[in-house]
Amino acid sequence: MSNNPVPSENPLLNLGFKIPFDRIRPEHAEPAVDTLLALTQEKLDALAGAPARNFENFMADLDTLTEQLSTVGTIVHHLDSVMSSDEWKAAVEAIIPKTSEFYTKLSLHPGLWQALKAYSETDEARALDPVQARLLKLTIDEFRRGGADLPEDRKARLLELNTRLAQVTNTFAKNVLDATAAYELLVPEERLAGVPQRVKDATRRDAEGRGQEGHRLTLHQPVLQPILTYADDRELRRELWEAQQQVGRQEGRDNRPLVREILQLRREKAQLLGFRNFADLVLEERMAGSGDRALAFERDLDAKTRPAFERENAELDAYYRGKAGADAPALEAWDGAYWAEKQRQEKYDFDEEALRPYFPMPKVLSGLFELVGRVFGITVTEAQAPGWHPEVQYYDIHDEAGTHIASFYTDWYPRDTKRGGAWMNAFITGGPKEDGVDPHLGLMCGNMTPPSGDTPSLLSVREVETVFHEFGHLLHHAMSRVPVKSLAGTNVPWDFVELPSQIMENWVTEREALDLFAAHYETGEKLPQDLYERLIAAQNYRAANMAMRQYSFGTADLSLHVEYDPAGDEDPVVLARDIMRQFNPFPLPDDYAMVAQFGHLFSSPVGYGAGYYSYKWAEVLDADAFSRFKQEGIFNRETGRDYVDKILSRGNSDDPAQLYRDFMGRDPDADALLRRSGLK
Ligand SMILES: [Zn+2]
């Protein structure tokens, strides 16, 4: 890049607490990263070569070694996700290879690994306090899992395996994307009877934009799902369902052989590192602990849900027979969503859109802040700081003693330059220090229904849950009191990280909590009781089918990564199909190959591989932990204090299973989730 600013004028190298977003430009990114990489490399070599080591000058320095580099990386990636441009994309592309090369070298730095081992054998290391000892143990485990302790020839083989895994999983992802993008079906308006107007409009505009006639249907979820759910034309539903099944197995884009190869590579890598299988390698530091335990978790839930699943399927079949006649053909996979939606409308007469006027964004936020004030004792107030866009807002959080513990940015509405979805992220990790606390800094972003004209942003109930969810992640960061930064806040194992976020969603549908944030945007009227009751009744509709779908993915994932032998003759695609059949209410064809498009498992070297169970695992944790609030009062300040002290403020400073036991006095109880879903 031309025109490199000198470092002292580069705002990314002079961040401060209030990040100068008004001055940061794409051209600052690469020089800042170059400067920090050189600086970090110097520190790294000094650490590895230090003559005498103690916790302060070795472990603590290692803990914060990459702090500045990663903050700058976070800011650059963040700005590309919220204010994307060719310049920001180029800045990200320029820094990615440099930083990923640095992190790979760091994890295999022979001098650092030797220094770490030498330090771990000192008397001081044996007498560390529990949090410091945990940092040492987790750091050593991570280096081991990265291969630092292997002899040279095996290290070389590990690198080969990692390189090949990156290539094959990348091809897998690309095949799915390309096959999905390559499909289109043009249909005239009359074939879309039953489909919502907004989908008809969008598919017509899509066709028009390409100079085509009629409506352009694709396999993207915002088109596929409404067609399968609402289209009266059964042939159309079948055609799209079958087209979707082709993804991942067409000639030239066939992922079926790749599934076996990925499983082989992962198994070999795990065994090279001393684990029985890939699930045990990945789950070693997670709450589940091993592949066998995660698999047992899935099978237990499956057994407990199956009776309700069979009941739901019989009910749907009876409903269908009543409407379509006794001689109608049996329900197929492309009929399920359609008839279930018809049954739902008849049973509950409930349209979620009717709730929106009661959820104006400003009221949702002020009610949410009121709620966490009551339960967690914090005060959230709007404050001023430079943002990256005029819509960005900035808030301070103070604790009961009036100490400033954190600040955060919000950026809630869609823009062409912003990526989709909702997310929370951390910019700065603070925490306790000798004379007080350093505040934390984070952010929440979303793509919520925007205000229009004089109407404020009116949220759907799902959007309200999302706001609560992301704020739960934010509080996990903002209320951290962990002195070790890499163990602070949301730096917890994957199957634990959604507990603080998902638990917040429970308050959304509690009547007393809802009255804090739900008020009609014109009249100020509270949500009418009959609307509230219909919302609650409809919430658990077909809960067993939704749960079984998740178990089918979780069980297939774990069977492939624990029980399946990639060196044997068995075809993993057939194995996965046979498992999924047991969870599907409708027949699946013999060439069913959903696993060949299952990107969660196979689109990256690790991703959700052996980790799909985490979705349900976290739901068990949040349903169970919230049951204590249900029992002791959803606004109970003492329960809130205990939750903050034992879980929310503790990050990864202790084993998450222990944190959980400290709060609940026992291990998680999966039945809490079944009760909440009305399945028990
Ligand atoms: Zn989340």
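The values are calculated or read from the model by the stated rules, or taken from the named source; none is laboratory data. What you are looking at is a predicted structure, and each value in this text was computed from that prediction instead of being measured. Positions of Cβ are generated from backbone atoms using ideal geometry, with glycine treated the same way; all protein chains shown enter the neighbour counts. Just the protein is used for accessible areas: all its heavy atoms, side chains included, with ligands, DNA and RNA removed. Shrake-Rupley method; radii C 1.70, N 1.55, O 1.52, S 1.80 Å.
A few comments on the model shown:
- Positions within segment 459-471 being surrounded by 23 or more Cβ atoms within 10 Å (Cβ to Cβ) and either over 20 Å from residue 371 (Cα atoms) or away from the ligand (no atom under 14 Å from the Cβ) (or both), in sequence order: 459, 464
- Options 153, 149; residue that is of a type outside the set (Ser, Thr, Tyr), open to solvent by 50 Å² or more (accessible area, probe 1.4 Å) and either assigned to a loop (DSSP other than H, G, I, E, B) or touching a Phe, Trp or Tyr at 6+ places or on another chain (Cβ under 6 Å) (or both): 149
- For segment 217-244, a residue qualifies if it is surrounded by fewer than 16 Cβ atoms within 10 Å (Cβ to Cβ) and either basic (Lys, Arg) or closer than 20 Å to residue 594 by Cα (or both), and the qualifying residues are 220, 221, 222, 225, 234, 238, 242.
- Some residue of segment 436-443 being within 11 Å of the ligand (Cβ to nearest atom), out of contact with any Phe, Trp or Tyr (no Cβ under 8 Å at 6 or more places or on another chain), at pLDDT 95 or above and over 30 Å from residue 532 (Cα atoms): no
- Of the helices (runs of 4 or more DSSP H) entirely within segment 508-592, those holding at least 2 residues that are within 23 Å of residue 316 (Cβ to Cβ) and not hydroxyl-bearing (Ser, Thr, Tyr) occupy 529-539, 543-558, 572-581.
- Of residues in segment 51-63 being surrounded by 15 or more Cβ atoms within 10 Å (Cβ to Cβ) and touching a helix residue (DSSP H, G or I) at 6+ places or on another chain (Cβ under 7 Å), the one modelled with the lowest pLDDT: 53
- Qualifying positions in segment 425-443 - among the β-branched types (Val, Ile, Thr) and farther than 14 Å from residue 491 by Cβ: 437
Condition check ((1) surrounded by 16 or more Cβ atoms within 10 Å (Cβ to Cβ); (2) more than 22 Å from the chain's Cα centre (by Cα)) across all residues:
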| position | (1), (2) |
| --- | --- |
| 371 | yes, yes |
| 385 | yes, yes |
| 390 | no, yes |
| 398 | yes, yes |
| 405 | yes, yes |
| 411 | yes, no |
| 416 | no, yes |
| 425 | yes, no |
| 429 | yes, no |
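- If you go through segment 14-27 and pick out every residue that is part of a helix (DSSP H, G or I) and under 18 Å from residue 385 (Cα atoms), you end up with 0.
- Residue in segment 496-517 that is on the phi > 0 side of the Ramachandran plot, small (Gly, Ala, Ser) and within 14 Å of the ligand (Cβ to nearest atom) present: no
- Of the residues in segment 482-491, at least one is more than 30 Å from residue 532 (Cα to Cα), open to solvent by 10 Å² or more (accessible area, probe 1.4 Å), within 12 Å of the ligand (Cβ to nearest atom) and in contact (Cβ under 8 Å) with a residue 24 or more places away in the chain.
- Selected residue [touching a Leu at 6+ places or on another chain (Cβ under 6 Å) and not small (Gly, Ala, Ser)] from 542, 581: 581
- A single entry from 551, 521, 541 fulfils the requirement of being more than 16 Å from the ligand (Cβ to nearest atom), touching a residue at least 24 places away in the same chain (Cβ under 8 Å) and closer than 29 Å to residue 280 by Cα: 551.
- Condition met for residue 474 (within 16 Å of the ligand (Cβ to nearest atom), open to solvent by less than 10 Å² (accessible area, probe 1.4 Å) and either in contact with a strand residue (DSSP E or B) (Cβ under 9 Å, 6 or more places away or on another chain) or not in a loop (DSSP other than H, G, I, E, B) (or both)): yes
- Every pair of residues 6+ apart whose Cβ atoms lie under 6 Å, when the first sits in segment 251-276 and is touching a residue at least 40 places away in the same chain (Cβ under 8 Å) while the second is hydroxyl-bearing (Ser, Thr, Tyr): none
- Checked against (1) free of Cβ contacts under 8 Å to residues at least 24 places away in the same chain; (2) over 25 Å from the mean Cα position of the chain (by Cα); (3) open to solvent by 60 Å² or more (accessible area, probe 1.4 Å), residue 93 passes all but a single condition, namely (2).
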